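A.B. asks: I have a structure I would like to understand better, so I am pasting it below and will then ask my questions one at a time.
Quick note: the coordinates plus some simple rules give every number you see, no bench work behind them. Here the structure is a predicted model, which is why all the values come from computation and not from measurement. Reconstructed Cβ throughout: ideal geometry from the backbone, glycine too, with neighbour counts over all protein chains shown.
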């Protein structure tokens with residue numbers, strides 16, 4: 001498998017073809033809109049909170065396969081987490097993405113996000129992968 | 001652009017000689033020979049330009065315009081010699097060329113000089129440049145952000161109204177609407193010579209004459225023309241022009257502002273401080289004549305000298321011949337792209353459209369970043385994104401495009417390599433979907 005194929009793994013393609021929790025809804029507690037200024041990719045992420053716990057997540061956006069699959073992967077795993085648990089996952093994912101492949105994605109903690117590991121090798125794509133996660137971080141900070 | 005039609009293309013032997021001058025073209029990328037099709041973003045540098053900069057730093061490096069020692073005199077002479085070369089290259093006089101960090105800074109220098117005049121600086125000589133409510137600044141929808149945002153901001157600071165010439169659904173500028181947009185209220189018309197997205201060449205002399213007929217100044221973005229087309233700013237008649245060194249075989253960190261002498265003499269400076277004054281007291285300062293008036297602080301000396309060497313290189317090849325070479329590559333590119341299923345070329349593609357050697361495409365359903373990633377895996381370097389032209393991309397219904405851009409060292413084989421890889425990339429992503 002060459003590097004470009006390793007970037008577009010089945011899990012990523014599956015999330016692009018069947019995006020989870022896509023489509024904004026009424027009644028969100030917090031929301032964040034993030035833009036990647038280099039390519040214009042956009043993600044809007046909504047969270048419904050019950051106290052400190054995320055009970056629902058939804059998103060919409062447009063962009064490359066990396067940014068869109070990453071949003072789907074994240075939105076799928078957020079419901080049920082506390083803000084602190086979500087923050088821990090965001091930090092872990094960021095550390096891997098910024099490591100240029102040195103720090104593997106923690107599959108036990110981050111599930112399908114392991115498929116985004118290939119993006120860490122391409123500096124230009126790290127922002128794509130991080131976009132939704134930055135939106136989640138920003139939304140949680142607004143609580 | 002007379003002369004481009006008749007100039008001879010570069011022969012295969014000439015191309016080989018030129019390519020041998022560019023060390024980076026021998027690089028291998030991801031296991032493939034580098035196919036560099038991102039010249040429009042930044043041009044690679046020939047050995048002669050790299051050597052000129054190194055030679056200056058190793059043998060004559062010194063502070064310019066001050067100091068009486070030998071090196072300082074040599075440095076000053078070389079620095080000003082580069083200005084003379086660049087001025088001649090674009091059809092300007094030496095004192096009409098101001099060094100800047102890049103084209104963006106050059107356009108901001110004009111916008112801020114006019115803004116300062118609007119705030120009353122520059123006295124009676126600058127009064128004719130003052131903007132205020134009721135005045136209009138006109139730009140176009142195809143502009144690079146560098147020739148757009150400074151004018152939006154200037155309008156916001158002065159109370160003037162910002163207007164623009166829109167494009168049609170194809171991305172061609174609606175010049176048929178110009179008569180309704182240009183009026184006695186128009187004080188400045190800012191437009192690009194060549195679109196960095198569509199490659200379309202605008203009729204600068206005609207647009208300038210129409211702007212001047214209503215009393216408006218013209219600010220030209222020459223970033224995509226100065227490197228690629230024979231340029232005669234005096235003949236075009238524009239009031240200001242901006243271009244960047246790194247797009248014309250020079251280093252990063254140097255660009256230039258052209259301003260007609262009467263304007264640079266009358267306008268107040270943008271940046272102030274060292275190296276641009278005659279007398280300073282605790283109450284105020286008097287400024288040097290242009291171009292030094294607009295060159296505050298330590299200058300980018302080695303970069304300017306290297307840009308002079310870049311101009312020598314371009315002159316030796318012949319810009320008219322480079323333009324002919326690029327026009328042929330541009331036609332090859334567009335014809336090839338039109339033949340690929342699912343590819344939409346941004347901008348007008350008709351036979352009568354004068355264009356340089358670049359084309360940006362949108363492939364509906366496949367994001368430019370993904371496309372660019374696949375091409376990179378084949379060693380093909382293209383630009384993906386909005387190319388600092390978000391409004392144009394939005395108007396054409398996309399956020400990002402994939403742009404291939406050629407220059408004097410680009411071979412027909414490289415264009416063909418891109419045209420061959422593109423359907424493979426499209427097939428790769430279609431298969432995933």
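A.B. asks: Rg to Rh for chain B: what is it, with Cα atoms only and Rh by Kirkwood?
C.D. replies: Reported Rg/Rh, Kirkwood definition of Rh: 0.98.
A.B. asks: Wrap a convex hull around the Cα atoms of region B:246-330, take a quarter of its surface area, and give that in square nanometres.
C.D. replies: The directionally averaged projection comes out at 7.4 nm².
A.B. asks: Another question, if that's okay. I want the antiparallel fraction of DSSP beta bridges within chain B, as a percent rounded to 5.
C.D. replies: 60 percent
A.B. asks: On to the next question. In what sequence do B:201, A:114 fall when counting other Cβ within 10 Å, fewest first?
C.D. replies: Placing the least packed residue first, the sequence is A:114, B:201.
A.B. asks: Let me ask something else about it. Give the Rg/Rh ratio for the protein assembly as shown, taking Rg as the radius of gyration of the Cα atoms and Rh as the Kirkwood radius, to two decimals.
C.D. replies: 1.00
A.B. asks: Could you list log10 I(q)/I(0) for region A:1-79 at q = 0.17, 0.19, 0.24 Å⁻¹, which the Debye formula gives when each Cα is one point scatterer?
C.D. replies: Results for region A:1-79 at q = 0.17, 0.19, 0.24 Å⁻¹ read -0.68, -0.80, -1.09.
A.B. asks: So what's the convex hull volume per residue for the Cα atoms of region A:3-141, in Å³?
C.D. replies: 92 Å³
A.B. asks: Helix B:319-338 versus the longest principal axis of chain B: what is the Cα-based angle in degrees, 0 to 90, to the nearest 10?
C.D. replies: 40 degrees
A.B. asks: Another one. Just want the ordering: B:419, A:47, from fewest to most Cβ atoms lying within 10 Å of their own Cβ.
C.D. replies: The most exposed by this proxy come first: B:419, A:47.
A.B. asks: Picking from A:97, A:130, A:65, which is most flexible by a Gaussian network model of chain A using Cα springs under 10 Å?
C.D. replies: A:65
A.B. asks: Just to be sure I understand the model, the point goes 7 Å from the Cα along the line to the Cβ. What's the resulting residue B:272 to residue B:351 distance in nm?
C.D. replies: 5.9 nm
A.B. asks: If you don't mind, another one. Any chance you could run the full-extension gain for residue B:16 through residue B:152? It's 0.36 nm times the residue separation minus the Cα-Cα distance, nm to one decimal.
C.D. replies: Fully extending the segment from residue B:16 to residue B:152 adds 44.4 nm.
A.B. asks: With an 8 Å Cα cut-off and a minimum separation of 6 or more residues, compute the relative contact order for region A:3-141 in percent.
C.D. replies: Here the relative contact order equals 28 percent.
A.B. asks: For chain B, what relative contact order do you get, as a whole percent, if you take Cα pairs closer than 8 Å and at least 6 residues apart?
C.D. replies: With pairs under 8 Å counted, the relative contact order is 23 percent.
A.B. asks: Right, next: Suppose the chain between residue B:73 and residue B:30 were pulled fully straight at 0.36 nm per residue; how much longer would it get relative to their current alpha carbon spacing?
C.D. replies: Using 0.36 nm per residue and subtracting the Cα-Cα distance, I get 10.8 nm.
A.B. asks: Considering only DSSP beta bridges where both residues belong to the protein assembly as shown, give the percentage that are antiparallel (nearest 5).
C.D. replies: 70 percent
A.B. asks: With only alpha-carbon pairs counted, each pair once and no self-pairs, how large is the Kirkwood hydrodynamic radius of region B:79-159 in angstroms?
C.D. replies: It is 14.2 Å.
A.B. asks: I would also like to ask the following. Once you put a point 7 Å from the Cα of residue B:61 and another 7 Å from the Cα of residue B:93, both along the Cβ direction, what distance in nm separates them?
C.D. replies: Modelled inter-label distance: 3.6 nm.
A.B. asks: Could I ask something else about it? Suppose we keep just the DSSP beta bridges with both residues in region B:124-232; what percent of those would be antiparallel, to 5?
C.D. replies: Once the DSSP bridges in region B:124-232 are tallied, antiparallel ones form about 15 percent.
A.B. asks: Full-extension gain between residue B:174 and residue B:339, please, as 0.36 nm times their residue separation minus the C-alpha to C-alpha distance.
C.D. replies: Separation in residues times 0.36 nm, less the Cα-Cα distance, equals 56.7 nm.
A.B. asks: With springs only between Cα atoms under 10 Å, which of B:96, B:170, B:143 fluctuates most in a Gaussian network model of chain B?
C.D. replies: B:170
A.B. asks: Moving to a separate point now. Normalising by the residue count of region B:62-109, find the relative contact order in percent from Cα pairs under 8 Å and 6+ residues apart.
C.D. replies: 20 percent.
A.B. asks: In a Gaussian network model over chain B where Cα atoms closer than 10 Å are linked, find which of B:354, B:206, B:283 has the largest mean-square fluctuation.
C.D. replies: Comparing B:354, B:206, B:283 in a Gaussian network model of chain B, the most mobile one is B:283.
A.B. asks: Can you tell me the 0 to 90 degree angle between the C-alpha axis of helix A:123-141 and the longest principal axis of chain A, rounded to 10?
C.D. replies: Long axis of A:123-141 versus the principal axis of chain A: about 10 degrees.
A.B. asks: Something else now. Would you please state which residues of region B:72-98 a label at residue B:298 would reach in this model, taking the label point 7 Å out along Cα→Cβ and a backbone N cut-off of under 19 Å?
C.D. replies: Output list for this probe position: B:72-80.
A.B. asks: Among rounded, prolate and oblate, which fits region B:20-100 when a ≥ b ≥ c are the square roots of the eigenvalues of its C-alpha gyration tensor, a/c under 1.5 means rounded, and a/b larger than b/c means prolate?
C.D. replies: In terms of gyration-tensor shape, oblate.
A.B. asks: Related question: If you split all Cα-Cα distances of region B:143-191 into 5 Å bins from zero, what percentages do you get per bin, shortest first?
C.D. replies: 5, 18, 27, 25, 17, 6, 1
A.B. asks: Between the helical axis of B:204-213 and the dominant principal axis of chain B, each derived from Cα atoms, what acute angle in degrees is found, rounded to the nearest 10?
C.D. replies: The two axes meet at around 40 degrees.
A.B. asks: Something else about it: Give the order of A:90, B:97 when sorted by the count of other beta carbons within 10 angstrom, beginning with the fewest.
C.D. replies: A:90, B:97
A.B. asks: Related question: When the gyration tensor of region B:163-242 is built from Cα positions, what are the square roots of 5 times its three eigenvalues, in whole Å, from largest to smallest?
C.D. replies: Over the Cα atoms of region B:163-242, the ellipsoid semi-axes are 19, 17, 9 Å.
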